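To keep things clear, I will list the structure first and then write my remarks on it.
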Amino acid sequence: MYKNLTIASVLGLLGIILGAFGAHALKNKLSIDAFDSFQTAIRYQMYHVVVLLVVNLFNGFSDKQKRVLSTLFLLGVVLFSGSIYAIYLLGVSAKSIWFVTPLGGLFFVVGWILMTLYFTKKLSKINS
């Protein structure tokens, strides 16, 4: 799980760097809506960095559960936040990758649902 913790740490570092870059270099170059989208990408990335750290440090999950949850949340960050970064930092046309952002959001949702199910299963064992 150190690999997942390392990846989460790198994503956290990148989130801070991109946030600072956005606040200082992009704020006056992007429209208000575009800047809000960029900030949303950073926020969701950072939320899921914290989730990745918790998932991989939580002793109640098996290694397989940690791997599955980490994969879902990492795919969410790469697809959701990454597609927004591609649009605003690399100039990729939103029309060409319109489906990638919601797909990343779907990975986030599935990860949260699965984590809820894991906790629910553990709770039912405790209450049995």
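The values are calculated or read from the model by the stated rules, or taken from the named source; none is laboratory data. Computed from a prediction, not measured in an experiment: that's the story for all the values here. In this analysis, Cβ positions are derived from the backbone assuming ideal geometry, glycine residues included, and neighbour counts consider all displayed protein chains. Heavy atoms of the whole protein, side chains included, go into the accessibility calculation; ligands, DNA and RNA do not. Shrake-Rupley method; radii C 1.70, N 1.55, O 1.52, S 1.80 Å.
Just wondering, is there one or more residues in the range 80-103 that are more than 30 Å from Leu123 (Cβ to Cβ) and touching a His at 6+ places or on another chain (Cβ under 9 Å)? Yes: one or more hits. Among the residues making up the range 111-125, a single one is open to solvent by 50 Å² or more (accessible area, probe 1.4 Å) and closer than 19 Å to Thr40 by Cα: Trp112. Evaluating Lys29 against the criteria (1) under 29 Å from Thr116 (Cα atoms); (2) open to solvent by 20 Å² or more (accessible area, probe 1.4 Å); (3) touching a helix residue (DSSP H, G or I) at 6+ places or on another chain (Cβ under 9 Å); (4) free of Cβ contacts under 8 Å to residues at least 60 places away in the same chain leaves one unmet condition, (1). Across the range 48-62, what is the total count of residues that are within 19 Å of Gly12 (Cα to Cα) and outside any helix (DSSP H, G or I)? The total comes to 1.
Quick grid of which residues meet (1) free of Cβ contacts under 8 Å to residues at least 40 places away in the same chain; (2) closer than 25 Å to Thr116 by Cβ; (3) part of a loop (DSSP other than H, G, I, E, B):
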residue: Leu13; (1), (2), (3): yes, no, no
residue: Gln65; (1), (2), (3): no, yes, no
residue: Val68; (1), (2), (3): no, yes, no
residue: Phe73; (1), (2), (3): yes, yes, no
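Counting only residues that are in a helix (DSSP H, G or I) and either surrounded by fewer than 18 Cβ atoms within 10 Å (Cβ to Cβ) or over 18 Å from the mean Cα position of the chain (by Cα) (or both), how many does the range 96-110 have? Talk me through it step by step, then tell me what you get.
The first filter runs over the range 96-110 and keeps only residues in a helix (DSSP H, G or I), leaving 96, 100-110.
Restricting the remaining residues to those that are either surrounded by fewer than 18 Cβ atoms within 10 Å (Cβ to Cβ) or over 18 Å from the mean Cα position of the chain (by Cα) (or both) gives 96, 102-103, 105-106, 109-110.
Count: 7.
Taking the condition at pLDDT below 95, exposed (fewer than 15 other Cβ atoms within 10 Å of the Cβ) and over 24 Å from Tyr2 (Cβ atoms), does Ser93 pass? No; evaluated as a whole, the condition is false for this residue.
Restricting the first member to the range 47-58 and to residues that are touching a residue at least 24 places away in the same chain (Cβ under 8 Å), and the second to residues that are among the basic types (Lys, Arg) and surrounded by 15 or more Cβ atoms within 10 Å (Cβ to Cβ), the beta-carbon pairs closer than 6 Å and six or more apart or on different chains are Val55/Lys66; Asn56/Lys66. Taken over the range 64-83, the criterion of being of a type in the set (A, V, I, L, M), open to solvent by less than 60 Å² (accessible area, probe 1.4 Å) and under 12 Å from the mean Cα position of the chain (by Cα) is satisfied by Leu69, Leu72, Leu74, Val77, Leu79.
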